[in-house]
Amino acid sequence: MNKLSLHIEDHETSILVGRDMFTRLEQIKKRKLIILIDENVYKFHGAKLADRECIIIPQGEKQKSLTYVEHIFREMLKMEADRTSFLLGIGGGMVTDLAGFVASTYMRGIDFGFISSTLLGQVDASIGGKNGVNLDGYKNMIGVIRQPEFVWCDLDLLSTLDHSELVSGFSEVIKYGAIRNKELFEFLEENYSLILRKDPSALEYIITQSASIKIDIVQNDVSEMGERKLLNFGHTLGHAVEKLSGMLHGEAIAIGMTLATRLSTKLGSLSVHDASRLINLIEASGLAIDTNIGFDELYETLLKDKKRSGENISFILLRNIGEAYIHKISLDSLKTALNDLH
Ligand SMILES: NC(=O)c1ccc[n+]([C@@H]2O[C@H](COP(=O)([O-])OP(=O)(O)OC[C@H]3O[C@@H](n4cnc5c(N)ncnc54)[C@H](O)[C@@H]3O)[C@@H](O)[C@H]2O)c1
């Protein structure tokens, strides 16, 4: 079991990476504990929640909506949840984003926590306090920043996760190595096949390392004005690919990271050798490095990205493996550079 903690102002979130987290439910000493869980996670692991009050929702991103929030509020009312109740989200990023938002707004806010059940959730979505829902096709348009009491990353739950979901989460782990931790990156190069076979100790190591990086960056930049932008490595283009292709988040980010890596070499900061190492790792783990989406369509979608400010865009590039930086680039220059790469 590895213990981490995230400190924001006077609030501490305890983050655990380990096994058998359902046995910890007894520790939640609240008058009423309500669990929000999706049908997939419940199907595989719900037997352990037999005598608990659960709100079971369909799986999938569609549920991250205001309509569903209303549905969950009503279920909580029926269960007589009050301000002393506790909402526990058990699931991937969809469930934890939704649970955090519901808990932050129900009766002006009740306490909440997560048992994170996907690799993407454990290394990214459950950490940092961003909670919210989508609106009219725009992701995470409505939301709040509020920290959970705890995040328990349960390695046992990953045993039932689809391979494609695991690989999608792995893409974010590659990102952490690329932007911040060369040692982690080298571990991934040597052990990716072990990790993708769900070896528990390899998973425990990469989740702990990734979560620590996210904690460190979030703590240093709560208002998201500086360092936190580094977490967007591969995301500006990746979001456009995700929107246009319907690929899983991490799959699209892998394509975004490949383009950002090539751009880093083109603009002079990253050696060809390091760029090849990164792209080789992405490919070796089974992630695509290219897309057949046309350049114009990709560029138009990128322009709508919320990170754009005026005629410039903040793009995350690499200097070395383990070292990223924010590069402000004019839209014209970006268009030319990307067109050359595409
Ligand atoms: N809040 C943040 O900072 C942040 C960061 C990144 C992503 N996100 C959000 O996270 C979401 C994506 O997260 P995700 O990839 O975990 O998606 P998800 O929660 O939709 O889970 C993916 C699929 O895996 C299934 N699943 C989950 N755990 C399982 C398990 N243990 N065994 C078997 N199946 C399981 C789910 O039912 C679902 O079908 C998006 O909504 C995204 O916007 C949030």
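Annotation: of all residues in the range 143-197 being in a loop (DSSP other than H, G, I, E, B) and under 17 Å from L281 (Cα atoms), the one that is farthest from the ligand (Cβ to nearest atom) is N181.
All conditions but one from (1) assigned to a helix (DSSP H, G or I); (2) surrounded by 15 or more Cβ atoms within 10 Å (Cβ to Cβ); (3) not hydroxyl-bearing (S, T, Y) apply to L4; the one that does not is (1). Considered as a group, the residues in the range 130-142 that are under 16 Å from G89 (Cα atoms) and within 8 Å of the ligand (Cβ to nearest atom) include one that is surrounded by the most Cβ atoms within 10 Å (Cβ to Cβ), and that residue is N131. Here T67 passes the criteria (1) in a helix (DSSP H, G or I); (2) in contact with a Ser or Thr (Cβ under 9 Å, 6 or more places away or on another chain); (3) without any contact (Cβ under 8 Å) to a residue 40 or more places away in the chain except the one numbered (2). Scoring K48 on the criteria (1) farther than 21 Å from V144 by Cα; (2) among the basic types (K, R); (3) free of Cβ contacts under 8 Å to residues at least 24 places away in the same chain leaves a single failure, condition (3).
From the list I326, I282, which residue is touching a Leu at 6+ places or on another chain (Cβ under 8 Å) and either closer than 20 Å to I174 by Cβ or not acidic (D, E) (or both)? Being touching a Leu at 6+ places or on another chain (Cβ under 8 Å) and either closer than 20 Å to I174 by Cβ or not acidic (D, E) (or both) holds for just one of I326, I282, which is I326.
Look at (1) farther than 25 Å from A211 by Cα; (2) part of a helix (DSSP H, G or I); (3) out of contact with any helix residue (DSSP H, G or I) (no Cβ under 6 Å at 6 or more places or on another chain); (4) charged (D, E, K, R) and you find that K30 fails only one, number (2).
Residues that are surrounded by fewer than 21 Cβ atoms within 10 Å (Cβ to Cβ) and without any contact (Cβ under 8 Å) to a residue 40 or more places away in the chain were ranked within the range 248-270; the one that is farthest from A125 (Cα to Cα) is G268. Checking each residue in the range 97-129 for being within 7 Å of the ligand (Cβ to nearest atom) and free of Cβ contacts under 8 Å to residues at least 60 places away in the same chain picks out D97, T118, G121, A125. Does the range 35-47 include one or more residues that are within 12 Å of the ligand (Cβ to nearest atom), within 24 Å of the chain's Cα centre (by Cα), assigned to a helix (DSSP H, G or I) and among the charged types (D, E, K, R)? Checked against the condition, which is being within 12 Å of the ligand (Cβ to nearest atom), within 24 Å of the chain's Cα centre (by Cα), assigned to a helix (DSSP H, G or I) and among the charged types (D, E, K, R), the range 35-47 yields at least one hit.
Within the range 153-160, identify whether any single residue is at positive phi and within 17 Å of the chain's Cα centre (by Cα), and answer yes or no. No. Against the conditions (1) surrounded by fewer than 21 Cβ atoms within 10 Å (Cβ to Cβ); (2) modelled with pLDDT of 95 or more, A50 satisfies every one except (2).
The values are calculated or read from the model by the stated rules, or taken from the named source; none is laboratory data. Keep in mind the model is a prediction, meaning the values are calculated, not measured. Cβ: placed from backbone, ideal geometry, glycine included. Neighbour counts: every protein chain shown.
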